[in-house]
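Visitor: I have a structure I would like to understand better, so I am pasting it below and will then ask my questions one at a time.
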Amino acid sequence: MDVKRVKDYLYWLYYQYLLVTCSYVLEPWEQSMFHTITVTVVAMVVYTAYVFVPIHVRLALEFFSQIFGAQPENTV
């Protein structure tokens, strides 16, 4: 893979991010604050999804298996 093409593509993605969030009109210090807050929020959402989604999926599967008549496993 060509390094220049990858670099150009990443620059294009960053430019699209700036356009979508309208952060290209901010001053440099405002941009850094905006990016810091955005990265922090995204990291918290990913962490929360990683921790809590599997628990809720397991509980939902147990709930629906009881509704549709599956017998609970014996834990003896």
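The values are calculated or read from the model by the stated rules, or taken from the named source; none is laboratory data. As the structure is a computational prediction, the values presented were derived from the model and not from experiment. Ideal geometry is used to build each Cβ from the backbone, glycine not excepted, and the neighbour counts take in all protein chains shown. Quick note on the areas: whole protein, heavy atoms, side chains included, nothing else; ligands and nucleic acids left out. Shrake-Rupley method; radii C 1.70, N 1.55, O 1.52, S 1.80 Å.
Visitor: Using only DSSP helix segments of four residues or longer, with each worth -39500 (n - 2.57), what per-residue ellipticity at 222 nm results for the chain after dividing by its residue count and rounding to 500?
Guide: Mean residue ellipticity at 222 nm (helix-derived): -28000 deg cm²/dmol.
Visitor: Cα centroid distance between segment 8-29 and segment 49-63, in Å?
Guide: So the two Cα centres are separated by 36 Å.
Visitor: If you take the beta carbon distance between residue 43 and residue 8 as r and set R0 to 30 Å, what does 1/(1 + (r/R0)^6) give as a FRET efficiency, to the nearest 0.05?
Guide: Efficiency, rounded to the nearest 0.05: 0.65.
Visitor: Normalise the Cα radius of gyration of the chain by 2.2 N^0.38 Å (N = residues in it) and let me know the number. Don't jump to the answer; show the numbers that get you there.
Guide: Numbers: Rg = 22.3 Å, N = 76, 2.2 N^0.38 = 11.4 Å.
In units of the globular-protein estimate, the chain measures up at 1.96.
Visitor: A follow-up question, please. To the nearest 20 debye, what is the magnitude of the charge dipole of segment 3-69 about its Cα centre, counting +1 on the Cβ of each Lys and Arg and -1 on the Cβ of each Asp and Glu?
Guide: Its charge dipole is roughly 300 debye.
Visitor: Let me ask something additional. If you plug each phi of segment 31-37 into the Karplus form 6.51 cos²θ - 1.76 cosθ + 1.60 with θ = phi - 60°, what whole-Hz ³J(HN,Hα) values come out, in order, with x for Gly and Pro?
Guide: Here the 3J(HN,Hα) series is 4, 5, 5, 4, 5, 5, 5 Hz.
Visitor: Moving to a separate point now. If you roll a 1.4 Å probe over segment 3-69 with all protein chains in place, what percent of the accessible area is carbon or sulfur?
Guide: For segment 3-69, the apolar C and S fraction of the accessible surface comes to 75 percent.
Visitor: Which residue, chosen from 31, 53, 13, occupies the Cα position most advanced towards the positive end of the dipole of the chain, where the dipole is computed from +1 (Lys, Arg) and -1 (Asp, Glu) charges on Cβ about the Cα centre?
Guide: The Cα lying farthest towards the positive end belongs to 13.
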